[in-house]
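Have a look at the structure below before the remarks.
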Amino acid sequence: MNNNEKDTVSRVVVGSDHGGFIAKEIVKKYLEVLGYNVKDVGTFSTESVDYPDFAEKVARTVARGEAERGIMIDGAGIGSSMVCNKVRGIRAALCYDIPTIENSRKHNNANVLTLGGPLHTSDELCHMVKVWLETRFEGGRHWPRINKMMAVERGNRI
């Protein structure tokens, strides 16, 4: 697989809590400009809400195959990552810079990205999501590790 090729992603689901709402709106518009089909599962304002409600919506949308990838933005990205990873089939990664973005895709085949919206500038957020969506999973030596990760999710011992 040529790592310079764009990954095949056309449908992206986005979500946020109130702390990530502004960042989500910026990311959503940017992704639409890039040509992605974006589904927004909320929240739709800065009124206080609970991040688990929206993280679950993002994760379940990806798990059902309604989007190839999901992006969830809250105040720090930590709690949303924890929630998303409770959903079967989801490999959510909390990332905070380009090296963690690339690692989450190349080595771990992450299908959900969680971010702390207020922790980054608009330009950083847009660059990070673009790189994440375009970075391909390397496969190869990483497949056995992914298979072990998913075995744990199924309750199997590794």
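The values are calculated or read from the model by the stated rules, or taken from the named source; none is laboratory data. Note that the coordinates shown come from a computational prediction; the quantities given were computed from them, not determined experimentally. We place every Cβ from the backbone using ideal geometry, glycine too, and count neighbours over all the protein chains shown.
Things worth noting here:
- Any hit, the stretch 131-148, residues being within 19 Å of T8 (Cβ to Cβ), touching a strand residue (DSSP E or B) at 6+ places or on another chain (Cβ under 9 Å) and surrounded by 17 or more Cβ atoms within 10 Å (Cβ to Cβ): yes
- Looking only at residues in the stretch 88-106 that are crowded, with 17+ Cβ neighbours inside 10 Å and either basic (K, R) or in contact with an Asp or Glu (Cβ under 7 Å, 6 or more places away or on another chain) (or both), the one that is nearest to K39 (Cα to Cα) is R91.
- Any hit, the stretch 12-26, residues being under 18 Å from A110 (Cα atoms), of a type in the set (D, E, K, R), out of contact with any Leu (no Cβ under 6 Å at 6 or more places or on another chain) and free of Cβ contacts under 8 Å to residues at least 24 places away in the same chain: no
- Close pairs (7 angstrom Cβ cut-off, 6 or more residues apart or separate chains): over 14 Å from N85 (Cβ atoms) and without any contact (Cβ under 8 Å) to a residue 12 or more places away in the chain in the stretch 40-69, of a type outside the set (G, A, S) and surrounded by fewer than 18 Cβ atoms within 10 Å (Cβ to Cβ) anywhere: none
- Exactly one residue among V62, V87, V58, V49 is on the phi < 0 side of the Ramachandran plot, out of contact with any helix residue (DSSP H, G or I) (no Cβ under 7 Å at 6 or more places or on another chain) and either part of a helix (DSSP H, G or I) or among the β-branched types (V, I, T) (or both), and that residue is V62.
- Taken residue by residue, the stretch 54-62 has no member that is crowded, with 24+ Cβ neighbours inside 10 Å, acidic (D, E) and at pLDDT 95 or above.
- Residues in the stretch 70-86 that are surrounded by fewer than 20 Cβ atoms within 10 Å (Cβ to Cβ) and without any contact (Cβ under 8 Å) to a residue 40 or more places away in the chain were compared, and the one that is farthest from G117 (Cα to Cα) is K86.
- L113 being closer than 20 Å to K130 by Cβ, in contact (Cβ under 8 Å) with a residue 12 or more places away in the chain and out of contact with any Phe, Trp or Tyr (no Cβ under 8 Å at 6 or more places or on another chain): no
- The residues of the stretch 11-29 that are over 13 Å from L115 (Cβ atoms) and either over 14 Å from the mean Cα position of the chain (by Cα) or of a type in the set (S, T, Y) (or both), listed by number, are H18, E25, K29.
- Screening the candidates A76, A110 for the property of being among the hydrophobic types (A, V, I, L, M, F, W, C) and either in a helix (DSSP H, G or I) or within 24 Å of M150 (Cα to Cα) (or both) yields one hit, A110.
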